[in-house]
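In what follows, a single structure is set out as structure tokens and then discussed.
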Amino acid sequence: MEALVGKRFPGGSYTVERWENVLLHDVVEHPVDPTGIVHPIGLFHVPLAACGWSYREIFEICGAESDEAVRAGEYTWELTAPMRAGVTYDIAGEFVDVERKHGRRGGVFDKVTFRLDLSEQTTGALVARVTNSWLFLRSDP
Amino acid sequence: MKRDDVVVGTLVPEWRLAHVTESRMRLLAAILRDPNPIHWDRDEVAARGLGDRLINQGPTNVGYVCNAVLAWAGNDSLRSLTVRFTSNVFDGDEVVAGGTVTHITADGADVLATCDVWLDRGDGTRAVEGVAVVALPPELPPATSETDSFPSTQRSTP
């Protein structure tokens, strides 16, 4: 698993369309921003939708024993500017850490941390950095 | 209130939702093309031993926390957010999100407030906890001096 560290995602690009942003605001019951700012909830799915791998592929890369053997860990977002609807962002990133841990309830698991950067495609300006930790439960470590 | 009135201990005004609804879980599942049935199939939730109510998506729960921050400091105010999930939220649950300022710093022209933030279910169970860094605008809505009693039946935001 340690060999994962430094492995880069294929990357891709994503544009949150206006309709998508309106519906995201509906989901969380927050008024739509009139200037087109995307609700921060978009930072959950936009980087992953355009990282170049599907959830299934990430699970396989990390050796998930099943879908049920994956847990959400910690999520960190750092923003230099809000995302905006209609703007295309390039996504790039890599795995940054793997840590074997022993939980009180879940037994042995690997905490896999990866980082994805969102940059505005036209300017290259970094807009957000997302660092996610997913926990992969191990029944036979 | 003015930005200068924000101090360590100032509370982020609470954001409340009287009922988490099944329809919005289905909507997010469709937007994300999320095939996980725990968000739209009660029988599957029961079959997995997870109870008899649909389970709200984690991103939505964090979205509620964001709502509290955005309603307080503006839609462009969030500079960073670190969260972890501590419990599920189910359809029909009442939820309340809020926070407390723990640190204030200047960053160039920005004044940044670091806040402990959270989302609780109506029964008091903490569902999300974390830390947000928020750029404070010159003027903010009135902050509360102490946490409102809970539960409530009304949302506090538009």
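The values are calculated or read from the model by the stated rules, or taken from the named source; none is laboratory data. Computed from a prediction, not measured in an experiment: that's the story for all the values here. For neighbour counting, all protein chains shown are included, and Cβ atoms are generated from backbone atoms with ideal geometry for every residue, glycine included.
Details
- Residue within region A:77-86 that is more than 14 Å from chain B (Cβ to nearest Cβ) and either over 17 Å from the mean Cα position of the chain (by Cα) or touching a residue at least 40 places away in the same chain (Cβ under 8 Å) (or both) present: yes
- Output for region A:94-120, where each listed residue is within 15 Å of the chain's Cα centre (by Cα) and closer than 20 Å to B:Gly58 by Cβ: A:Lys111, A:Val112, A:Thr113, A:Phe114, A:Arg115, A:Leu116, A:Leu118
- Filtering region B:27-50 to residues that are at the interface with chain A (Cβ under 10 Å from one of its Cβ atoms) and of a type in the set (Lys, Arg) leaves B:Arg33, B:Arg48.
- For region A:46-64, taking the residues that are surrounded by fewer than 20 Cβ atoms within 10 Å (Cβ to Cβ) and within 12 Å of another protein chain (Cβ to nearest Cβ), the one that is nearest to the chain's Cα centre (by Cα) is identified as A:Ala49.
- Take the conditions (1) away from every other protein chain (no Cβ under 14 Å); (2) in a loop (DSSP other than H, G, I, E, B); (3) surrounded by fewer than 15 Cβ atoms within 10 Å (Cβ to Cβ); B:Arg53 misses just one of them, which is (3).
- Odd one out for B:Gly108 among (1) more than 10 Å from chain A (Cβ to nearest Cβ); (2) closer than 26 Å to B:Val131 by Cα; (3) surrounded by 21 or more Cβ atoms within 10 Å (Cβ to Cβ): (3)
- Scanning region A:80-105 for residues that are in contact with a helix residue (DSSP H, G or I) (Cβ under 8 Å, 6 or more places away or on another chain) and either assigned to a strand (DSSP E or B) or more than 28 Å from B:Thr86 (Cα to Cα) (or both) yields A:Ala85, A:Gly86, A:Tyr89, A:Ile91, A:Gly93, A:Phe95, A:Val98.
- Residue check, A:Val27 surrounded by 15 or more Cβ atoms within 10 Å (Cβ to Cβ), outside any helix (DSSP H, G or I) and either within 10 Å of another protein chain (Cβ to nearest Cβ) or not hydroxyl-bearing (Ser, Thr, Tyr) (or both): no
Results for (1) at pLDDT 95 or above; (2) among the hydrophobic types (A, V, I, L, M, F, W, C), shown as yes or no for each residue.
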position: B:Arg48; (1), (2): no, no
position: B:Leu54; (1), (2): yes, yes
position: B:Val62; (1), (2): yes, yes
position: B:Asn75; (1), (2): yes, no
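- Subset of region B:66-88 [more than 9 Å from chain A (Cβ to nearest Cβ) and touching a Gly at 6+ places or on another chain (Cβ under 9 Å)]: B:Ala68, B:Trp72, B:Asn88
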